[in-house]
Amino acid sequence: MLLTAISLISFGQKGFKVGIAMGSVIPLADFKSTNINSLNSGYAENGFMLNFDGDYFLHNRLAVSARFHFGMTSINEPAYIKRLESDLNGYLSADDEKNIYNINIWQWSAPMVGLKYNFPLVINKLYIEAGAFSGICFTQIPNQSLHIEDEVNQKAIISENIGERSTAIPVMADLALRFIANERMQFKIASSYFQSKADFLHANYIIKYNSTEVETELGNNNYSVPIKNLNLSIGLIYKL
């Protein structure tokens, strides 16, 4: 009987598994804030996430896991436009076509390692799984700019983010239910908390036409945006 029980618990657990999961990103706290007076506001809206996992089970309940996490969210454009206009208050053109806005998205990727612990609710059918990960997160600095054409004075007034990417140490924690379809295939429903940050400079300045040299600095701001969000996902797991 004991050997039979051990065999049942081992089914679908040992060995190496690969998985893919996708779902939604729900920004939290300052990451979704639209407070124009804060240098921590992220103006983030709901987005999309994707995880690729590779799990090696040390024994029936504990696995070492490698994860590549990708996430992206849109930016609340009307709210951020107010922020840009507050930076260049007094320089806006009466001709709207000369006020050129460029606002895109938040986007980050994070290779991580961690541990997963699973416990059977129904042996060979249903498991609850908890995981914790960390590594390095590469965040693409979004375009958040206002470019004002001053044709009379042959100048351009600019408010924009400086730099291409920011790096930080992320933290991710999972809680999931895994459904075993057969010896090879499993399905997973998960909720995850993800946290990282993006540090970057936002500069306001004036340049002459046909020049990249700054003529007048109008002030710089150092942003530190905490990327905090809740992820809800569904996934597929395959045993190699």
Looking only at region 85-94, decide whether some residue is on the phi < 0 side of the Ramachandran plot, touching a Phe, Trp or Tyr at 6+ places or on another chain (Cβ under 7 Å) and in contact (Cβ under 8 Å) with a residue 24 or more places away in the chain.
no
- Task: Assess whether Leu201 counts as being exposed (fewer than 15 other Cβ atoms within 10 Å of the Cβ), within 19 Å of Asn102 (Cβ to Cβ) and aliphatic (A, V, I, L, M).
- Result: yes
Taking region 68-86 and keeping residues farther than 18 Å from Ser24 by Cα and either surrounded by fewer than 19 Cβ atoms within 10 Å (Cβ to Cβ) or under 21 Å from the mean Cα position of the chain (by Cα) (or both) leaves Glu77, Pro78, Ala79, Tyr80, Ile81, Lys82, Glu85, Ser86
Per the filter on region 7-36, residues buried (at least 18 other Cβ atoms within 10 Å of the Cβ), modelled with pLDDT of 75 or more and of a type in the set (S, T, N, Q) are Ser33
Per the list (1) surrounded by fewer than 14 Cβ atoms within 10 Å (Cβ to Cβ); (2) of a type in the set (A, V, I, L, M, F, W, C); (3) in contact (Cβ under 8 Å) with a residue 24 or more places away in the chain; (4) outside any strand (DSSP E or B), residue check on Val64 breaks on (4)
When Ser211 is run through (1) among the hydroxyl-bearing types (Ser, Thr, Tyr); (2) at pLDDT below 95; (3) in a strand (DSSP E or B), the failure sits at (3)
Margin query: Would you confirm, using the coordinates I've provided, whether Glu97 is touching a Gly at 6+ places or on another chain (Cβ under 9 Å), modelled with pLDDT under 95 and not basic (Lys, Arg)?
Written below: no
Among residues of region 109-127 being part of a strand (DSSP E or B) and loosely packed, with under 15 Cβ neighbours inside 10 Å, the residue farthest from the chain's Cα centre (by Cα) is Val122
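The values are calculated or read from the model by the stated rules, or taken from the named source; none is laboratory data. Note that the structure is predicted; figures quoted are calculated from it, not measured. In this analysis, Cβ positions are derived from the backbone assuming ideal geometry, glycine residues included, and neighbour counts consider all displayed protein chains.
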